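Trainee: Have a look at this one before I ask anything.
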Amino acid sequence: MQNLYNIVAELCASIVNSCSEEFFVRYSCVSPAEKRRIYKEVQASVGTLFLAKPEGAQDGHGNESIRELDPADLTDSFYANLQALIGRFTENGDYYAMLGLLQILDQSMALLLNEAIAEFEQESFSIVLNTNRESVGIGILPRCSCIWERKHRLVHRYNNLESFLYNILLIENSVLGELIDEHYFLKKDLFPRFRERNAVKIAATPLRRERNFKVKLSDKDKVQYFNIAYENPSFEADNELIWKKIWSAGENESDIVVFPELLGNAETADYVADKIKSLQPAEAQKIPSLIILPSYWEKNRNVVTVMDKFGNVICKQNKQNPFRKEFDGVGYLEQINSNLVVNILHFEGIGRIAIMVCRDFLETEYMRQLMRCFKLTLIIVPSFSTGSYDFRRSFDLCAHEDCNVVWINTCAALIKGKEANFQDIGYVRKRISRNEDEAQMLYKMPICEGAFKGACAHDCIYYETIQGV
């Protein structure tokens, strides 16, 4: 199968490197006669890709006659015929036929890609299927479906190759740039409630009004910086509160629980893992499938730990883009170092999940890179921000992409004199059907009155459900 993935990646690269946007616009309206011409040529050379046509059956568009490959089909003869066909199309500059062949392969590889997902689920993390990524500049992965994603999601948004693929996730190195992608295909048993109700229930909490850190200001190489210094050496009360929120989310049958930025500590992940692993089986079943712990700022890294319901750390997402803040009218830059790693979580039915820590969500170019490369379907944004305005504007960038967003801020970021910025402490931006009230598109999490008075009962937790469309 490795050979097949490399051939497909090379075919993708040939099309991407040779075809303009205008080509993809025209191909989106390719004629039935041209489709039939392509299918006949492919079938004559690589008959394994097609079902046997019943005697007397009329030629259609061809989609109905494509068969799913299994490993036994991938013989030396199959590869030789496929490569010879691609060589002929390439020599003739027949890019319509090249893209038509790629669409046939995309459909034929469905079973193989599902088997690849099952293998990936057993790994700690996964890399792309093809081994020639560096030379061709293209990586391919199985593309998990999503219950709120339109089949033709990209057709009217982008004029490029990925608009025509449904089972293959295409990653272009030229779009990804310096970023490093790591992929986590979550096990099928991780979201039992999702399987039952075909929906994802989100719990989000601002956690508390109090800060457990101080902001330190410095000057280095002509630039003003700020960093974070935590004050509490034990953090026992903080971690007890975090656990209380996880347990509340679980009792309310949440699939994902999300915490804000900066309010974690060095002991949180171990504390929560130990708590989960000490539960009786009946209690453990209640724990949310995914736990997005509050980020922790240490050694010039601002890191969110993502944990599963079994207490295992899936990945750690570093904040990539520093926040800029004014102190006494002077601008200061968050003194963080990016590790350039982007973690993408895959799950059949939910699609692809990314964590964007606060400022990352506001960086348009960074958002564009991740959207184009990974066709994100859910973005989770832990935040520590003095307002919500810019975040709401960024939600609109996700609307055309069928990508839902969970943004949670914290009352600990509230600054005296800027209370008007804190009408809401979080949002869930959802894709809804055309028949639903548009008011359902944005779920608002109103801040409690006590926050403005400096009082905090530590009770706030919000729930919203994202369903299929």
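The values are calculated or read from the model by the stated rules, or taken from the named source; none is laboratory data. In this text the structure is predicted, and so the values were computed from the model without any measurement. Quick reminder, even Gly has a Cβ in these numbers, built from the backbone with ideal geometry, and neighbours come from all protein chains shown. All accessible areas refer to the heavy atoms of the entire protein, side chains included, with ligands and DNA or RNA removed. Shrake-Rupley method; radii C 1.70, N 1.55, O 1.52, S 1.80 Å.
Trainee: In nm, give the distance between the simple-model label positions of residue 1 and residue 21, each being 7 Å from the Cα along the Cα-to-Cβ direction.
Mentor: Modelled inter-label distance: 3.7 nm.
Trainee: Could you order peptides 406-418, 126-138 by the average number of other Cβ atoms within 10 Å of their residues, highest first?
Mentor: Top to bottom by mean Cβ count within 10 Å: 406-418, 126-138.
Trainee: Once ligands and nucleic acids are excluded and a 1.4 Å probe is used, how much of residue 324 is accessible, expressed in Å² to the nearest 10?
Mentor: Around 140 Å² of this residue is reachable by solvent.
Trainee: What does the range 299-338 give for Rg and for Dmax, in Å, if only its C-alpha atoms count?
Mentor: Both quantities, over Cα of the range 299-338: 14.5, 47 Å.
Trainee: Taking H as built 1.01 Å from N, whose amide H comes closer than 5 Å to the amide H of residue 138, not counting residues under 5 places away?
Mentor: 173
Trainee: How much length is gained on full extension from residue 198 to residue 439, taking 0.36 nm per residue of separation minus their Cα-Cα distance?
Mentor: Contour length minus Cα-Cα distance gives 84.6 nm.
Trainee: At 7 Å along Cα-to-Cβ for each site, give me the label-to-label distance between residue 244 and residue 326 in nm.
Mentor: 3.7 nm
Trainee: State the extension gain, in nm to one decimal, for the chain segment bounded by residue 455 and residue 119, taking 0.36 nm per residue of separation less the distance between their alpha-carbons.
Mentor: Result: 116.0 nm gained on full extension.
Trainee: Using the basic label-point model (7 angstrom from Cα toward the beta carbon), what is the residue 251 to residue 187 distance in nanometres?
Mentor: 2.7 nm
Trainee: Expressed as cubic angstrom per residue, what is the convex hull volume of the alpha carbon set of the chain?
Mentor: Value for the chain: 173 Å³ per residue.
Trainee: A follow-up question, please. Averaged per residue, what accessible area in Å² does the range 373-453 show with a 1.4 Å probe, protein chains only?
Mentor: Each residue of the range 373-453 exposes 44 Å² on average to a 1.4 Å probe.
Trainee: Using a 1.4 angstrom probe with every protein chain in place, what is the largest-first accessible-area order of 462, 27?
Mentor: From most accessible down to least: 462, 27.
Trainee: Considering only protein heavy atoms and a 1.4 Å probe, what is the carbon-and-sulfur percentage of the accessible area of the chain?
Mentor: Carbon-and-sulfur percentage of accessible area, whole number: 47.
Trainee: To continue, here is another question. With all protein chains present, calculate the accessible area of residue 430 using a 1.4 Å probe and round the result to the nearest 10 Å².
Mentor: 20 Å²
Trainee: Give the aspartates and glutamates whose C-alpha is closer than 12 Å to that of residue 444, dropping any in the same chain fewer than 8 places away, or say none.
Mentor: The reachable aspartates and glutamates, counting only those whose Cα sits under 12 Å from residue 444, are 424, 464.
Trainee: For the range 87-143, count all C-alpha to C-alpha pairs, find those more than 18 Å apart, and express that count as a whole percent of the total.
Mentor: 52 percent
Trainee: At q = 0.13 Å⁻¹, what log₁₀ I(q)/I(0) does the range 315-469 have when each alpha carbon counts as one equal point scatterer in the Debye sum?
Mentor: Per q value, in the given order, log10 I(q)/I(0) is -0.67.
Trainee: Given a Förster distance of 56 Å, report the FRET efficiency between residue 215 and residue 88 from their Cβ-Cβ distance, rounded to the nearest 0.05.
Mentor: Efficiency at R0 = 56 Å is approximately 0.30.
Trainee: Ok, one more. Pop out the ³J(HN,Hα) list for the range 278-294 in order, Karplus 6.51 cos²θ - 1.76 cosθ + 1.60 with θ = phi - 60°, rounded to Hz; leave Gly and Pro as x.
Mentor: Couplings: 8, 6, 6, x, 5, 6, 4, 5, 7, 5, x, 4, 10, 10, 9, 5, x Hz.
Trainee: For the range 140-218, what is the convex hull volume of its Cα atoms per residue in Å³?
Mentor: So the per-residue Cα hull volume is 237 Å³.
Trainee: Right, something else. Rounded to the nearest 0.05, what FRET efficiency is calculated for residue 393 and residue 313 with R0 set to 51 Å and r the Cβ-Cβ distance?
Mentor: Given R0 = 51 Å and the Cβ-Cβ separation, E is 0.95.
Trainee: At 222 nm, what helix-only mean residue ellipticity would the chain give, in deg cm²/dmol to the nearest 500, using -39500 (n - 2.57) for each DSSP H run of four or more?
Mentor: That calculation yields -9500 deg cm²/dmol at 222 nm.
Trainee: Another question about this same structure. Looking at this model, which pairs from 188/430; 275/416; 309/418; 214/309; 187/319 are more than 29 angstrom apart at the alpha-carbon?
Mentor: As for pairs spanning more than 29 Å Cα to Cα, those are 275/416; 309/418; 214/309.
Trainee: Nearest 0.05, what FRET efficiency do residue 282 and residue 364 give at R0 = 51 Å with Cβ-Cβ as r?
Mentor: 0.65
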